[in-house]
Amino acid sequence: MPPRPPPGVDVTVPNLARMNDYYFGGKDNFAADREAAEQILKIAPEVRLLARENRAYTARVVEFLAGEGIEQYISIGNGLPAECNTHGALRAVAPHAKLVYVEHDPVVLVHAQALIAGAPGTVVIKGHVLRPKKIITHPEVRALLDVDRPIAVLIFGTLHFFGAEVFDAVSVFRDALAPGSYLALSHAVFDSRPEAAGPMVEIYQKIFNRTNDPSRNREDLLPFFDGLRLAEPGLVDIREWRTGATVSSAAAEFVYVAGGVGLKPPAPE
């Protein structure tokens with residue numbers, strides 16, 4: 001049985017973080033979450049694999065960024081289960097790095113706060129990817145991070161749940177970052193599974209109670225990296241990102257998530 005939800009949480013409404021927890025076989029989910037997740041799995045049973053591949057990609061990205069000397073991180077929309085998230089991946093390769101967790105979901109907030117209670121160099125704040133200025137100017141962010149030095153902003157498995165407004169939000173992060181900073185993201189794409197796009201988007205529209213969420217292909221994601229230099233191997237299937245693997249078109253059907261990491265170069269003189 002899942003624990004008692006935080007005050008104000010309606011467990012009769014499906015929740016993305018709790019659905020993801022269900023995909024991982026976790027216990028922090030309720031009947032409404034399981035029902036919605038099963039609807040998705042009927043359309044695309046590979047979603048469970050997709051979730052795990054996204055976690056593995058997260059770990060590789062963090063290892064790469066730590067190797068590039070990045071010591072400050074903002075991780076937005078980490079989801080459940082907490083033990084598989086950015087915090088664990090980062091501490092494994094850069095134990096002294098500074099990390100800001102940004103969460104909007106109250107259930108995830110509770111888990112994140114419990115996970116990092118007392119952890120040095122780490123804070124959790126309530127925030128939303130569509131409110132970038134509030135994140136950047138948040139007092140705890142300013143107290144922990146030096147915004148005049150490089151920061152890596154990590155947004156994994158989140159942007160595809162929002163409409164066109166998310167491009168403007170990401171541009172605010174890009175503009176605010178110091179040269180030498182990085183933007184890393186992963187995003188569902190439907191180049192290889194166009195027949196799944198409509199039904200899956202329809203389910204998520206019902207969860208969010210809105211109708212403007214488009215499905216995107218790989219090329220649609222490139223504007224997220226405007227003004228940035230994509231690190232090799234570019235914007236690719238997440239299983240190809242620094243694994244040395246090449247994913248065939250047939251195999252791509254089973255994990256349709258693209259990922260990339262962009263460097264903000266120095267301003268031209």
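Subtracting the Cα-Cα distance of Asp168 and Lys133 from 0.36 nm times their residue separation leaves 11.5 nm of extension gain. For a straight C-alpha distance cut-off of 21 angstrom, the lysines reachable from Lys98 (same-chain residues fewer than eight places away being disregarded) are Lys126, Lys133, Lys134, Lys264.
Helix-only arithmetic for the chain: the sum of -39500 (n - 2.57) across DSSP H runs with n ≥ 4, divided by the residue total, places the mean residue ellipticity at 222 nm at -11500 deg cm²/dmol. The overall shape of the chain, judged from the alpha-carbon gyration tensor, is oblate: a/c is not under 1.5, and a/b is no greater than b/c.
Taking other C-beta atoms within 10 angstrom as a stand-in for reagent exposure, Tyr182, Tyr101, Tyr23 fall in the order Tyr23, Tyr182, Tyr101, fewest first. Is the C-alpha gyration tensor of the stretch 42-117 telling us rounded, prolate or oblate? Criteria: a/c under 1.5 is rounded; beyond that, a/b larger than b/c is prolate, otherwise oblate. Because a/c hits 1.5 or more and a/b fails to exceed b/c, the stretch 42-117 counts as oblate. With a simple spin-label model that places each label point 7 Å from the Cα along the Cα-to-Cβ direction, the separation between Val11 and Glu232 comes to 5.1 nm.
Taking 7 Å steps out from each Cα toward its Cβ at Glu195 and Ala31 produces label points 3.4 nm apart.
Each value in this text was obtained by applying a stated rule to the coordinates, not by laboratory testing. Not measured: the values here are computed from a predicted model. Cβ: placed from backbone, ideal geometry, glycine included. Neighbour counts: every protein chain shown.
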